[in-house]
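A quick write-up on the structure given underneath.
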Amino acid sequence: TTGGREDVSTTAPRIHVSFWGTRGSISTPGAVTQKYGGNTPCVSVQYGHTDIILDAGTGIRDLGIELAQRADRNKRKLSLHLLLSHTHWDHIQGLPFFSPAYIPGTKMAIYGSPNKERFLAAILQRQMDVNYFPVGMNALAAELSITEISSSVLHIGPFTIDWQEQVCHPGGSVRYSLSAHGRKIVYATDVEIDKIFKAGNRMKRANKTLAREYRDFIRGADLLIADGQYTKKEYPSRAGWGHSSVEALIAVAGKAGVRQLAVFHHDPQHTDSMLDLLWERYARLAKAVNPAMKMFWAREGMTLAV
């Protein structure tokens, strides 16, 4: 699947986006989740020799195995950049099992929100405390740097990376926009779009600002990877939990001119068969969007060339 802009040369190398974990809240391995996957969030973005990883849920384990094999095959040391949306368990619990972090010579930079009650490094270190995990963080042989983002824009290889805090999630989260050679990929999980875009005259001024910022951030994205954990029927009983309904996501993405939408962070209770049924319902909504927008369920093992 491709979704480049019209002004991008067809001879330009593509950005490869791979999904290693697409499930939200808790990993759900088993027969009923084999199609879309049971691992928690992890997405990799590769362009040339630049590797960017979005979140470190349980899906990062399989990514680590592939990266370690690639490094051994190519006899080339790894240089990796991990962007964390936030530090809830489902987004960091795979990090202790990430094999490149134990390989001497690997360079690994971890970035996260500056708006944490405790320092980012301390949070990650506590996850590997002896009471929770048998190996301490000092056992990681990689050249590791942990940075709370301070600048408004990051530059990693050919990518310009914009980021914004998302307040409509317990504890907050960060969304990222990765741009290179005229292409734009947005990763915006763990945010309650239904709350931000609540209809009616009672919409608060603060919400109007949040709505405008979200629309502007995702506008014209070649690929938007976004939180669509609930159905419209499920959402009211889960309001305040910090996740979005698929209906709200489609509506906002469509109006923002998104070219491809990957519905992400699947609910642990949504089996493969349920997601297939929901697809039949929501595909019609996506087809009605003008201009045209491709929509799909993010699926573990899927790779896109953008």
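The values are calculated or read from the model by the stated rules, or taken from the named source; none is laboratory data. Small disclaimer: the values here were computed from a predicted structure and weren't measured. Ideal geometry is used to build each Cβ from the backbone, glycine not excepted, and the neighbour counts take in all protein chains shown. With ligands, DNA and RNA removed, areas are computed over all heavy atoms of the protein, side chains included. Shrake-Rupley method; radii C 1.70, N 1.55, O 1.52, S 1.80 Å.
Remark: pairs (first residue in the range 243-261, without any contact (Cβ under 8 Å) to a residue 40 or more places away in the chain; second residue hydroxyl-bearing (S, T, Y) and in a helix (DSSP H, G or I); Cβ separation under 7 Å; 6+ apart in sequence or on different chains) = V246/Y282. Every listed requirement among (1) closer than 23 Å to K35 by Cβ; (2) not in a loop (DSSP other than H, G, I, E, B) is met by P268 save one, (2).
Of all the criteria given as (1) out of contact with any strand residue (DSSP E or B) (no Cβ under 6 Å at 6 or more places or on another chain); (2) open to solvent by 30 Å² or more (accessible area, probe 1.4 Å); (3) farther than 30 Å from I103 by Cβ; (4) touching a residue at least 24 places away in the same chain (Cβ under 8 Å), the one not satisfied by S150 is (3). Which of the residues spanning the range 287-303 are over 25 Å from T40 (Cα atoms) and touching a strand residue (DSSP E or B) at 6+ places or on another chain (Cβ under 7 Å)? Within the range 287-303, just M293 meets the criteria.
One residue is enough: does the range 164-172 have a residue meeting the conditions within 28 Å of A71 (Cα to Cα), at pLDDT 95 or above and crowded, with 19+ Cβ neighbours inside 10 Å?
Going residue by residue through the range 164-172, those that are within 28 Å of A71 (Cα to Cα) are none.
For the range 164-172, residues within 28 Å of A71 (Cα to Cα), at pLDDT 95 or above and crowded, with 19+ Cβ neighbours inside 10 Å: absent.
Of the residues in the range 206-216, none is farther than 20 Å from H86 by Cβ and crowded, with 21+ Cβ neighbours inside 10 Å. Looking across the range 237-252, the residues that are closer than 20 Å to R215 by Cα, not polar (S, T, N, Q) and not in a loop (DSSP other than H, G, I, E, B) come down to V246, E247, A248, L249, I250, A251, V252.
Note on the range 167-236: enclosed strands (runs of 3 or more DSSP E) holding 2 or more residues that are of a type outside the set (A, V, I, L, M) and in contact (Cβ under 8 Å) with a residue 12 or more places away in the chain are 173-180, 183-188.
Return the total of residues in the range 277-306 being touching a residue at least 60 places away in the same chain (Cβ under 8 Å) and not polar (S, T, N, Q). Count: 11.
For the range 42-69, give me the residue count where each residue is in a loop (DSSP other than H, G, I, E, B) and either open to solvent by 20 Å² or more (accessible area, probe 1.4 Å) or in contact with a helix residue (DSSP H, G or I) (Cβ under 6 Å, 6 or more places away or on another chain) (or both). Please lay out each step first, then the result.
Step one: list which residues in the range 42-69 are in a loop (DSSP other than H, G, I, E, B), which gives 48-49, 55-59.
Among the residues that remain, those that are also either open to solvent by 20 Å² or more (accessible area, probe 1.4 Å) or in contact with a helix residue (DSSP H, G or I) (Cβ under 6 Å, 6 or more places away or on another chain) (or both) are: 48-49, 55-58.
Summing the residues that are in a loop (DSSP other than H, G, I, E, B) and either open to solvent by 20 Å² or more (accessible area, probe 1.4 Å) or in contact with a helix residue (DSSP H, G or I) (Cβ under 6 Å, 6 or more places away or on another chain) (or both) in the range 42-69 gives 6.
What do you reckon, is D222 farther than 18 Å from K195 by Cα, buried (at least 22 other Cβ atoms within 10 Å of the Cβ) and among the acidic types (D, E)?
Working: farther than 18 Å from K195 by Cα: yes; buried (at least 22 other Cβ atoms within 10 Å of the Cβ): yes; among the acidic types (D, E): yes.
Criteria met by D222.
Only one entry of H81, H91 meets the criterion of being within 23 Å of N138 (Cα to Cα) and part of a helix (DSSP H, G or I), and that entry is H91. I need a count of the residues in the range 37-56 that are without any contact (Cβ under 8 Å) to a residue 60 or more places away in the chain, touching a Leu at 6+ places or on another chain (Cβ under 9 Å) and over 13 Å from M302 (Cβ atoms). Number of matching residues: 3. The residue list A292, A251, A298, A288 contains one member that is buried (at least 19 other Cβ atoms within 10 Å of the Cβ) and of a type in the set (A, V, I, L, M, F, W, C), which is A298.
Here's a check for you: in the range 225-245, which residue that is open to solvent by less than 10 Å² (accessible area, probe 1.4 Å) and under 16 Å from the mean Cα position of the chain (by Cα) is nearest to T160 (Cα to Cα)? Among them, the one singled out is I225.
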